[in-house]
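Asker: Right, I'll just put the structure down here and ask away after.
Please treat every number below as a calculation from the coordinates, not as lab data. Computed from a prediction, not measured in an experiment: that's the story for all the values here. Cβ coordinates were reconstructed from backbone atoms using ideal geometry, including for glycine residues, and neighbour counts include every protein chain displayed.
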Amino acid sequence: MQRGKKLVIVSHCVLNQNCVVKPYGKNQNFFYNFIKNFLLNNYGFIQLPCPELEILGLKRWGHVKDQLEYSNYKENCKKLLFPIINQIEDYLKNDYKISGVYGIQGSPSCGINKTCRGDWEGEASSYKSLEEISNKVKLVDEKGIFMEIFEELLKEKEIYLKFYDIDDWSENID
Ligand code: SF4
């Protein structure tokens with residue numbers, strides 16, 4: 001049987017940079033070594049949905065975590081995650097191995113060790129300058145809101161996975 005029974009869970013944009021907020025999309029090749037390593041080792045990929053694309057669309061502005069921590073965004077994140085949680089439960093029940101979850105450092109939704117926070121709201125024109133806006137943004141040591149909810153939902157099912165930022169990946173943590 002060729003089936004590897006091994007999986008890795010990735011943020012949507014690891015396999016599809018087209019969903020990233022402008023101007024941060026990278027050449028897809030940026031993830032080549034990461035993807036190649038798992039493919040060569042016969043892993044399958046569970047691609048998480050992109051919550052910002054699903055809820056805010058392709059033309060969204062960049063956000064900070066503070067702007068996404070409202071009930072409706074969180075409820076929609078949960079709805080997107082429930083089918084994934086069900087898949088994970090089924091894989092684990094059938095003795096598949098899940099090596100971890102890889103997110104995107106600094107993302108307000110998918111950051112793992114770092115996310116971005118800032119006191120932002122309203123029209124950009126209500127600030128003195130773009131510098132005043134960017135000066136309010138800080139990287140903080142916590143998960144983005146989507147990954148925070150993902151981890152909580154997994155814990156409710158007593159599923160404990162390892163979480164990494166993809167920047168921290170190296171071949172020795174596959
Ligand atoms: S929300 Fe997550 S999946 Fe979507 S672009 Fe941002 S980091 Fe990638």
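Asker: Report, in whole Å, the centroid distance computed from the Cα atoms of region 107-174 and region 62-98.
Answerer: Using only Cα atoms, the two centres lie 15 Å from each other.
Asker: Would you mind calculating the gained length between Arg3 and Gln28 on full extension (0.36 nm times residue separation, minus the Cα-Cα distance), in nm to one decimal?
Answerer: 6.4 nm
Asker: Let me ask something additional. Sum up the charges of everything whose Cβ sits under 14 Å from the Cβ of Val20, counting Lys and Arg as +1 and Asp and Glu as -1, but leave Val20 out.
Answerer: Charge balance near Val20 sits at +2.
Asker: Still on this structure: List the cysteines in the chain whose Cβ has no other cysteine Cβ under 4.7 Å from it.
Answerer: So far as the 4.7 Å Cβ criterion goes, Cys13, Cys77, Cys110, Cys116 stand without a partner in the chain.
Asker: Turning to a different aspect of this structure: Could you give me the percent of Cα pairs per 5 Å distance bin for region 6-173, shortest bin first, beginning at zero and ending with the bin that holds the maximum distance?
Answerer: 1, 8, 16, 21, 20, 15, 9, 4, 2, 1, 0, 0
Asker: Pick from Lys128, Lys157, Lys136: which is most flexible by mean-square fluctuation in a GNM of the chain where alpha carbon atoms under 10 Å apart are linked?
Answerer: Looking only at Lys128, Lys157, Lys136, the biggest GNM fluctuation is shown by Lys128.
Asker: If you don't mind, another one. Under a Cβ-Cβ cut-off of 12 Å, what is the net charge of the residues other than Phe150 that fall near it, where Lys and Arg count +1 and Asp and Glu count -1?
Answerer: Within the 12 Å Cβ shell, the charges total +1.
Asker: Where the convex hull is taken over the Cα atoms of region 80-151, what is its projected area averaged over directions, in nm²?
Answerer: Its Cα hull, projected and averaged over all orientations, spans 6.0 nm².
Asker: Can you compute the helix-only [θ] at 222 nm over the chain? Use -39500 (n - 2.57) per DSSP H run of at least 4 residues, normalise by all residues, nearest 500 deg cm²/dmol.
Answerer: Taking each H run of at least 4 residues, the total per residue is -10500 deg cm²/dmol.
Asker: OK, next. R0 = 45 Å: FRET efficiency of Asp95 with Leu58, Cβ-based, nearest 0.05?
Answerer: Efficiency at R0 = 45 Å is approximately 0.70.
Asker: Still on this structure: Compare the Cα positions of Asn41, Phe82, Trp61 along the charge dipole of region 1-97 (+1 at Cβ of Lys, Arg; -1 at Cβ of Asp, Glu; about the Cα centre) and return the one farthest towards the positive end.
Answerer: Selected residue: Asn41.
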